[in-house]
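Each reported figure results from applying straightforward, stated rules to the coordinates on display, with no laboratory input. Quick caveat: nothing in here was measured; it's all calculated off a predicted structure. Every residue, glycine among them, receives a Cβ derived from its backbone with ideal geometry; neighbour counts consider all protein chains shown.
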Amino acid sequence: MAEPDIAASIAALAGAEASGRAHAASVLYDAGCGVALAATAAWRADAELASLFTGRPTVGVAVQPETFARIRAAAGSPRLADVPPEQDAQEFELEFPPATALDILTTREPHGTGAIAHFLDRRGEGIQQIELPVTDVDRATALIRERFALQPVYPHTRPGADATRVNFFLVPAPGGSKVLIELVETSSQ
């Protein structure tokens, strides 16, 4: 199977046709989930850790502020998430039936200092992270640290968008690359 054209799919998210936006979202979702699920297969094989995962993944796509504005306008201006100011990020969610979920992310400030700005500076627009919902981010973090010898990006869970609790792992992926996995615990879980 051919590699997906990530740049073309991101551009298509701002297209006029809903079917084109849905197809582009599906391509991005499948590309992100494919890498993330392969990289975390051992996690899902661990019974205790697997029991903490809930719901479907969300693929985080980092884009330049202009692209962010175009995609948001094409999607009918969905609500912006409440992101802690120190994270220098803006985001909104896109969902397409039957089960495609994207977070569109950008820097709050031009040439900002947050993780999204750094990603955009180094790599340009693309799939930045895969969010995995969990019932207990602290326990999941501890299990990954203990059983898989991976260190989280942050020593402690931190606040995320919309009152979530989050932590991140940079996980080795097939082919020698790495994928950023965000563990997300919502207050409703």
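Within the range 77-122, the set of residues being more than 25 Å from K178 (Cα to Cα) and in contact with a Ser or Thr (Cβ under 8 Å, 6 or more places away or on another chain) comprises F96 only.
In the range 173-189, the count of residues that are more than 20 Å from W43 (Cβ to Cβ) and over 13 Å from the mean Cα position of the chain (by Cα) is one or more. The set of residues from the range 139-158 being touching a residue at least 40 places away in the same chain (Cβ under 8 Å) and hydroxyl-bearing (S, T, Y) comprises just one member, T141.
Scan the range 162-178 residue by residue and report those that are in contact with a Pro (Cβ under 8 Å, 6 or more places away or on another chain) and among the aliphatic types (A, V, I, L, M). Across the range 162-178, the qualifying residue is only V166. For the range 113-139, the candidate set comprises residues that are of a type in the set (D, E) and under 24 Å from T40 (Cα atoms); within that set, the residue that is surrounded by the fewest Cβ atoms within 10 Å (Cβ to Cβ) is D138.
Here's the yes/no breakdown for (1) hydroxyl-bearing (S, T, Y); (2) surrounded by fewer than 19 Cβ atoms within 10 Å (Cβ to Cβ); (3) within 15 Å of the chain's Cα centre (by Cα):
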residue: A24; (1), (2), (3): no, no, no
residue: L28; (1), (2), (3): no, no, yes
residue: G32; (1), (2), (3): no, no, yes
residue: A45; (1), (2), (3): no, yes, no
residue: S51; (1), (2), (3): yes, yes, no
residue: T54; (1), (2), (3): yes, yes, no
residue: V59; (1), (2), (3): no, no, yes
residue: A74; (1), (2), (3): no, yes, no
